[in-house]
Every structure is written in C-alpha cells, then in structure tokens.
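This report concerns only the one structure given below.
The values are calculated or read from the model by the stated rules, or taken from the named source; none is laboratory data. A quick note: this is a predicted structure, and the numbers were derived from the prediction, not measured. Counting neighbours? That spans all protein chains shown, and the Cβs are built from the backbone with ideal geometry, glycine included. In case anyone asks, the SASA skips ligands and DNA or RNA and just uses the protein heavy atoms, side chains included. Shrake-Rupley method; radii C 1.70, N 1.55, O 1.52, S 1.80 Å.
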Amino acid sequence: MKSVVTEPGSVLGVLGGGQLGAMFTMAARRLGYPVAVWDPDPEAPAHPIATYSFPLPFNDQHMVAQFADLVSVVTYEWENIPAELCRALEQRKPVRPSSAVLSVIQDRLDQKGFLASNGFPIPPFACLTSPGHLAETVSQVGYPALCKTATAGYDGKGQWRIFRESDVREVEQALSESVRPGMRWIVESLVPFERELSILVVRGADGQSCTYPLAENEHEEGILRTTKVPAPGSSALAERAAALALHVVDRLGGVGVFCLELFQLPSGELLINEIAPRPHNSGHYTLDACSVSQFEQQVRVTSGMPLGEVRLLSPAVMVNLIGNDAAILMKGAGCRTLLDIPGAVLHLYGKRAIRPRRKMGHVTFLGETLSLALDHAKQFRNSLTNGSALSA
Ligand code: AMP
C-alpha cells in the first residue's frame, strides 16, 4: 500500500466542521499542522479555529480544485458527506479513509452486505425498496423489527420500530410520506441486547493497527448519553471485541480511525450494529483519559505519521450534554458547581443555537476507580434532571 507522509507545516483538509471536525482541528494544530475546514454551515464549530475556513456548499465545483491545491491530504468528520466529493478530491490528493471505504460504510445495506459476506456477526436484515413491501420484508427477519433509511440516518433519526403486524400500516404510511426516487431501507431484527458496547480501531496505511479499551454505552431516544470505560466485564470479552474490530477494519482495508458499535447478547455473543469511519462520540473520553486521543490518532493516521501508543490513564465516564442540558448548565453557578466536582472535565462545543437532541458538549468524569467516576457522573446527571439543582 502506498504510504504518503505529511510533515507538520503542511495543510490537512477536513470535510465537516462540527464538534468532531473541531476536535480534530485542535489536535492537528497542536501538532503543528495548519487545517483547512470545509463545511457549508458558517456557524460550524470548527470554522473559528481553522487556519483556512470554507463555509461553502459541498457541491461547489470551483472549491474542489482550490481545496485540493491547498491541502496535502484530506479526512472527514462523518460518513454522510458526499462520496462523489471524496472521489473528486482523491483524484488529486490522498483521502483517508478512502472514498471506496466511505461508499461501503455510508449505505447501511452495503455496509451490512460487506459484513455478512465476510462472515462477521450481525443481526438478520433484509432490503426494502418500496414502502408497500414492508410486511413481506419484515416477515423475512421476523417480529420485532426495526426499519432504517439506508442512507443519511444518524442518532436514531430515520428509524421506525415494528413490534407486531398491526404496526406495519403506520410505518408504511410514514415511509410513504418521506419517500424519494430510488430510496431504500434496511429492515433488521430488533436485537434483545443486554448492553451496547463500542471499540475504536486505528489503522495506518502500512496496515499497522491498534485498538482502544472496550467501552459500554447507554443511549436515550437513539442518542448516546453515557460512556463507561473500561466496560465492566471479563477481559476475555474485551479481547474478543478487539479481535473482531481489528479483523473488520483489516478486511475493509480502512486507513483511519474507526469505531465498531456492538450489541452484547445475554449469551455473551457480540453482534455488530455499525461501523463509523471516523472518531466516535463514545471515544471522546480519550481526550482526557488516554495518552493519545482518538483525534490525535486521526491526525497521525491521516498524515502518515506513526500511530500513538494507546494507554488508558484513568477510568472514565463521559456524559453528553444534549439540547437543554447546556442551558441548565450555563444557568447561574452551574458551570462552577460542575467544575468543582473532582475529576470533571468540561467540553462545550460553542454552538449558539440550543435545539432538542443537539449535542452541545460533553463532560468526562475521571476517577481513581470507575465506581468513583460513576458516582460523580450520576450526581451530575441527577442535577441535570432536577433542572436547577446545579445552580443552587
Ligand atoms: P443506529 O443509528 O443504527 O446506530 O441506531 C441507534 C440506536 O438504535 C442503537 O444505538 C441502538 O440502541 C438502537 N438499535 C439500532 N439497531 C438496532 C437493532 N437491530 N436492534 C436493537 N436496537 C437497535
């Protein structure tokens, strides 16, 4: 495999300027790389910290050449950026992960097809091409099932649960209302998992790779709420997850930071929910609890530098600040009270508009033991639930 090395001083390009792009930018700038951020949203958090900022639509053809001339190498912060843009940039500069990898991942059906054809463990699934065929498609995987848009869904958006036959009509109606030409959906068996886990993998252009500790995740309404690291459980389970994750990314031929989202069944079996071709929300704890963060790894792997040694320096619990959480925190003495909690590290993304379900920031609680970190995280979460308690 061709290995291109980009030394500090050369410009790194990132597509997407949300919080992931912003944390990548901060890591890159600390290592001496100027960063060019391309995101259509002028208020995207990465723009103000970028060296070069391009708040332009992704289909701006003039920008493709200008961006490619400016940067030495390109990466991206999420999988829903246009694959054709990556292909166009790839004609001129390396893109990591490649547009071929992105194409497989950004369509849930293609991704599950790749995993199934390589014998990786996943929930049973079927392809739906027309809302009118929903009943027969669900019968292929059985009830209860989950229907997801094949592309562009995230954080539980574009998902419908179908518990029994009588739910089909309502979901069919919802699909018909949002259908576009050529649209497809994936229908999956709704897995009765015991818990959700995730694991980060970093893989370089030379095929060298490493994993981070297994993390346990809790979701609310399809959005990540809390991550605990290391995930409680046996070391054998963590080793099995790491081996699976390395194997998947190796098969994919991925160069970059990847995250495997997993379901653990009551039997202990692991099923893959999905692969993210980028740093992941469940890996934000690495900023404060690891020797090298997932964002620094993205910088290293994008620029062709050696991968960083992964060492967990402290158990950690990460709590996302979603929607109104940020308003509660900013009220009165909320931030001061939080920062008074031992081991609490606050990250606010600088998004001006607070909207329901919007990720506004996160807090990492570090503790000598996971149980101590959990106590502090629980105290904080309770105070968020009580609304004004933080500012009392
Ligand atoms: P996704 O957008 O696919 O990551 O799904 C968001 C969340 O929905 C996951 O974190 C799970 O909590 C839940 N979910 C997704 N797929 C399944 C499934 N096949 N069975 C059970 N729960 C699921």
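What's the FRET efficiency of L70 with S103 using the Cβ-Cβ distance as r and R₀ = 30 Å, to the nearest 0.05?
Approximately 0.75, to the nearest 0.05.
Report the gain in length on full extension from N59 to L339: 0.36 nm times residue separation, minus Cα-Cα distance, nm rounded to one decimal.
Going from the current span to full extension adds 96.5 nm.
Amide H of E274: which non-local residues (sequence gap of 5 or more, or other chain) have their own amide H closer than 5 Å, using H built in the peptide plane?
E261
With the other protein chains left in place, how much accessible area per residue, in square angstrom, belongs to the range 1-130 at a 1.4 angstrom probe?
41
Roughly what would the spin-label model give for F163 and C127, points 7 Å off Cα along C-beta, in nm?
Going by the 7 Å Cα→Cβ label model, 3.2 nm.
Would you mind getting me the FRET efficiency between Q208 and E136? Use the beta-carbon distance for r and R0 = 56 Å, nearest 0.05.
0.75
List the residues of the range 255-294 whose backbone N lies under 17 Å from a point placed 7 Å from the Cα of S10 along the Cα-to-Cβ direction.
255-256
Computed FRET efficiency, Cβ-Cβ of E194 and S291, R0 35 Å: what is it to the nearest 0.05? Mind showing how you got there, number by number?
Values: r = 31 Å, r/R0 = 0.88.
Plugging the Cβ-Cβ distance into 1/(1 + (r/R0)^6) gives 0.70.
Here is the link list: K93/K228; K93/K157; K331/K378; K148/K331. Which ones come out longer than 29 Å on Cα distance?
K93/K228; K93/K157; K148/K331
Once a ≥ b ≥ c are taken as the square roots of the eigenvalues of the Cα gyration tensor of the range 303-392, is the result rounded (a/c under 1.5), prolate (a/b larger than b/c) or oblate (a/b not larger than b/c)?
Cα axes put the range 303-392 in the oblate bin.
For the range 12-105, with all protein chains present and a 1.4 Å probe, just round the carbon and sulfur fraction of the accessible area to a whole percent.
Carbon and sulfur: 55 percent of the exposed surface of the range 12-105.
Return the carbon/sulfur percentage of the accessible area of the range 195-391, one whole number, probe 1.4 Å, all protein chains in place.
51
Rg and Dmax of the chain, using alpha carbons, in Å: what are they?
Answer for the chain, Rg first and Dmax second: 20.9, 61 Å.
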